[in-house]
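The values are calculated or read from the model by the stated rules, or taken from the named source; none is laboratory data. Here the structure is a predicted model, which means the values were calculated and not measured. Because the Cβ atoms are built from the backbone with ideal geometry, glycine has one as well, and the counts that use them run over all protein chains shown. To get the accessible areas, we keep the full protein, side chains included, count just its heavy atoms, and leave off ligands, DNA and RNA. Shrake-Rupley method; radii C 1.70, N 1.55, O 1.52, S 1.80 Å.
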Amino acid sequence: MKLSLIVPCYNEEAALPIFYREVTKVMATLSCEYELLFINDGSRDGTLSCMKELARTDKHVKYISFSRNFGKEAGMYAGFCNADGDYVAVMDADMQDPPALLPQMLEILQNGEYDSVATRRVSRVGEPVIRSWFARKFYQIINKISDADVVDGARDFRLMKREMVEAIVAMAEQNRFSKGIFGWIGFRTCWLPYENVERVAGETKWSFWKLFKYAIDGIVNFSQVPLSIASWSGLLLTGCSVLALLFIVIRRLAYGDPVAGWASTICVIIFIGGVQLAALGIMGQYIAKTYLEVKKRPHYIVAESNRENVERIR
Ligand code: UDP
Ligand code: MG
């Protein structure tokens, strides 16, 4: 039995040695074959040389280094495409995904009842209040309008069986939103709650704005509801305007034509214009995604690796 740990890293030279030390300690207690599959996502610091250094002394350490920064989603995808363990886990390099949970997760899977063990933060200690609020709202909305089934506080940290990994690799979409993908493919998942841990070193790569865009991506990737909202509000407005027209015609016939209402006319024009632009914008979001999908560009490009038969471009 082999365990593959996928660790996407972007500028993690400070956290990497700590992560390596802790994870190796845990793996030593497990006595199973394993590999640490580090993905260097185009880091600009010493992350890659740190990986090479670790690989020199420890044959469990494998690295795949991208030609530039492709984002964590691409990093995870590269991991899934190349990991060959019977069990595969994704972990952050910053210790926010406690390696100490691994033995318990493995045990749950080996008992056979579940196909994957996922983790969920029950608190968001150490996170800005407004960020938590937006996060909660995001989970409420996406669960209402899509069938992706995303759990609030879910981390990408999960351990899964080979079958599940194959399903994930088969979801070869360009616009990746792993939390949605994990939920969409199904399988029996056991949720393991834990208290939030702050990162040990370095700083987060996610600004509020980046997270916000990621959330919008998540919704557009897994739901067509915004498109329906656009068309339904269009229909509703058309209905309203027909009523208003009838009202005006009748008033004209009954009371003549007093010249008034310039301001209200402008208001209506601006309102309709705004709604049209918004609807166009929503359509644009989907068209842009379609454009990206049909181009079928690779998800990532590998510049170097110490692993045999790496899929260099995928
Ligand atoms: N990461 C990555 N590519 C990126 C951004 C982040 O591989 O473009 C990695 C990062 O090195 C870390 C994980 O993704 O291992 C989670 O990132 P981070 O801790 O910054 O996110 P947070 O935990 O704050 O959500
Ligand atoms: Mg983190």
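The trypsin sites (Lys or Arg not before Pro) of segment 1-48 that DSSP puts in a loop, and whose beta carbon has at most 12 other beta carbons within 10 Å, are R44.
Element breakdown for the chain at a 1.4 angstrom probe: carbon and sulfur atoms account for 62% of the accessible area. Each label was represented as a point 7 Å from its Cα along the Cα-to-Cβ direction; for V294 and D152 these points are 4.0 nm apart.
The 3J(HN,Hα) values that the Karplus relation (6.51, -1.76, 1.60; θ = phi - 60°) gives for segment 262-268 are, in residue order, 4, 4, 5, 4, 4, 4, 5 Hz. Gly and Pro appear as x.
Karplus-derived 3J(HN,Hα) values for segment 162-178, using 6.51 cos²θ - 1.76 cosθ + 1.60 with θ = phi - 60°, are 3, 3, 5, 4, 5, 5, 5, 5, 5, 7, 8, 5, 6, 7, 9, 9, 4 Hz; glycine and proline are entered as x.
Suppose R0 equals 25 Å; then what is the FRET efficiency for V225 and S123 from their Cβ-Cβ distance, rounded to the nearest 0.05? Efficiency, rounded to the nearest 0.05: 0.25.
Legend: residue pairs K213/K289; K25/K161; K2/K62; K2/K161; K2/K25; K179/K210, Cα-Cα distance threshold 20 Å; pairs beyond threshold, K25/K161. Within segment 267-294, whose backbone N sits under 19 Å from a point 7 Å along Cα→Cβ of R252? Taking a point 7 Å out along Cα→Cβ of R252, the residues of segment 267-294 whose backbone N falls under 19 Å are 267-269. Just to be sure I understand: with springs between alpha-carbon atoms less than 10 Å apart, which residue in L277, L37, L102 has the highest mean-square fluctuation in the Gaussian network model of the chain? The residue with the greatest mean-square fluctuation here is L277. The mean sequence separation of alpha-carbon pairs under 8 Å and at least six residues apart, normalised by the residue count of the chain, gives a relative contact order of 22 percent. Here each label is just a point 7 Å from Cα along the line to Cβ, and for L245 and E107 those points are 7.1 nm apart. Of the listed residues H299, H60, the order by accessible area with a 1.4 Å probe, largest first, is H60, H299. Evaluated over the Cα positions of segment 25-82, the convex hull gives a direction-averaged projected area, one quarter of its surface, of 4.6 nm². One Cα centroid belongs to segment 265-314, the other to segment 111-180; the line between them spans 21 Å. Taking 41 Å as R0, compute the FRET efficiency from the Cβ-Cβ separation of I270 and A201 and round it to 0.05. For R0 = 41 Å, the calculated efficiency reads 0.20. For the chain, the solvent-accessible area works out to 53 Å² per residue, with a probe of 1.4 Å and every protein chain left in place.
Database remark: amide H of R124 closer than 5 angstrom to no amide H (H placed geometrically; neighbours at sequence offset of 5 or more, or on other chains; Pro and chain starts carry no H).
For segment 93-184, GluC sites (Glu not before Pro) are listed when DSSP marks them as loop and at most 16 other Cβ atoms sit within 10 Å of their Cβ; the list is E113, E173.
Per-residue accessible area (protein heavy atoms, 1.4 Å probe) orders K213, K295 as K213, K295, starting from the largest.
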